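Peer 1: This is the structure I want to talk about, given as structure tokens.
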Amino acid sequence: MGVTKTGRFAALTNYRNPEEITDGKRSRGELVADFLKDNNPPEDFMHELAKKRNMYPGYNLLAGDADELYYYSNMENTVHKLEPGVYGLSNHLLNSDWPKVSRGKDGLANIISESHGDLAERVLSLLQTADSVSDELLPDTGISLIWERILSPIFIESDGYGTRSSTVLLMTGEEMYYKERVYSKEGMNDQHYTITLLG
């Protein structure tokens, strides 16, 4: 994820596909930086990106500014303008029916509707939900059942692999609040910033 002082924002997830051949393809990570450095409207950037869909392994990209937000996945190859609402994204398409995506959306909708307390802290608490689901509810993404179980919670914990950080970004027309929680063996460490948007 990345942001600029002008309010441009982008977040990227990979698309889980263990059979995908990634040799010779470009790094998905450059897409966030490319958008943040670009001066074109978010929609134009996404449509240009769609022309290069096969250059990268499977991904999902959210990109926008304080006024509008767009979603694009090169696995689906359609640019979507997102209207105000609650959405969920993991390592499949937007609003997929994975249990952790549904839980996250429901939890976020509840937090927004109650609108009291420290919003960022409540969202971070939601992102630390480590509840797994029963096997019959797990998605089948081409990995082993053991890994489907490990990856099923919102917050992933296992030996050698897991959630490294959680980030909340709150934006109004005038400022942006960014809070990141980093997890390590020593515990949690929070960093937060308030940025006044330029122009």
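Peer 1: For segment 37-54, check the following and say yes or no: at least one residue is closer than 26 Å to LEU151 by Cα and buried (at least 16 other Cβ atoms within 10 Å of the Cβ).
Peer 2: Scanning segment 37-54, I find no residue that is closer than 26 Å to LEU151 by Cα and buried (at least 16 other Cβ atoms within 10 Å of the Cβ), so the answer is no.
Peer 1: Further question on the same structure: Which of the residues that make up segment 52-84 are hydrophobic (A, V, I, L, M, F, W, C) and either farther than 24 Å from GLY199 by Cα or modelled with pLDDT of 95 or more (or both)?
Peer 2: Hits for segment 52-84 are MET55, LEU61, LEU62, ALA63, LEU69, MET75, VAL79, LEU82.
Peer 1: Moving on. Can you pull out every residue in segment 122-147 that is in a helix (DSSP H, G or I) and either in contact (Cβ under 8 Å) with a residue 12 or more places away in the chain or in contact with a Cys (Cβ under 6 Å, 6 or more places away or on another chain) (or both)?
Peer 2: The answer is VAL123, LEU124, LEU126, LEU127, ASP135, LEU137.
Peer 1: Looking at ILE150, ILE146, ILE156, ILE112, which is the one that is farther than 26 Å from GLU68 by Cβ, out of contact with any strand residue (DSSP E or B) (no Cβ under 9 Å at 6 or more places or on another chain) and aliphatic (A, V, I, L, M)?
Peer 2: Result of the check over ILE150, ILE146, ILE156, ILE112: ILE146.
Peer 1: How many of the residues in segment 76-109 are surrounded by fewer than 20 Cβ atoms within 10 Å (Cβ to Cβ) and more than 16 Å from LEU61 (Cβ to Cβ)?
Peer 2: Residues that pass the stated criteria total 13.
Peer 1: Filter segment 55-75 down to residues that are more than 24 Å from TYR178 (Cα to Cα) and either within 17 Å of the chain's Cα centre (by Cα) or among the aromatic types (Phe, Trp, Tyr) (or both) and give me whichever is surrounded by the fewest Cβ atoms within 10 Å (Cβ to Cβ).
Peer 2: MET75
Peer 1: Hey, any hits in segment 82-91 for a residue that's in contact with a Gly (Cβ under 7 Å, 6 or more places away or on another chain), closer than 30 Å to ASP190 by Cβ and among the small types (Gly, Ala, Ser)?
Peer 2: yes
Peer 1: Confirm whether THR129 is assigned by TED's automatic domain parsing to the domain that holds ARG28 and modelled with pLDDT of 95 or more.
Peer 2: No; evaluated as a whole, the condition is false for this residue.
Peer 1: If ARG16 meets every condition in (1) at pLDDT 95 or above; (2) over 17 Å from LEU94 (Cα atoms); (3) assigned to a loop (DSSP other than H, G, I, E, B) apart from one, which number is that one?
Peer 2: If we test ARG16 against (1) at pLDDT 95 or above; (2) over 17 Å from LEU94 (Cα atoms); (3) assigned to a loop (DSSP other than H, G, I, E, B), just (2) comes out false.
Peer 1: Inside segment 165-182, can you point out the residues that are out of contact with any Ser or Thr (no Cβ under 8 Å at 6 or more places or on another chain) and loosely packed, with under 12 Cβ neighbours inside 10 Å?
Peer 2: Passing the criteria: THR172, GLY173.
Peer 1: Continuing with this model, one more query. Which residues, taken from segment 170-187, are part of a strand (DSSP E or B) and within 20 Å of the chain's Cα centre (by Cα)?
Peer 2: LEU170, MET171, MET176, TYR177, TYR178, LYS179, GLU180, ARG181, VAL182, TYR183
The values are calculated or read from the model by the stated rules, or taken from the named source; none is laboratory data. Model, not experiment: these values are computed from the prediction. All Cβ positions, even for glycine, are placed from backbone atoms using ideal geometry, and neighbour counts span all protein chains on display.
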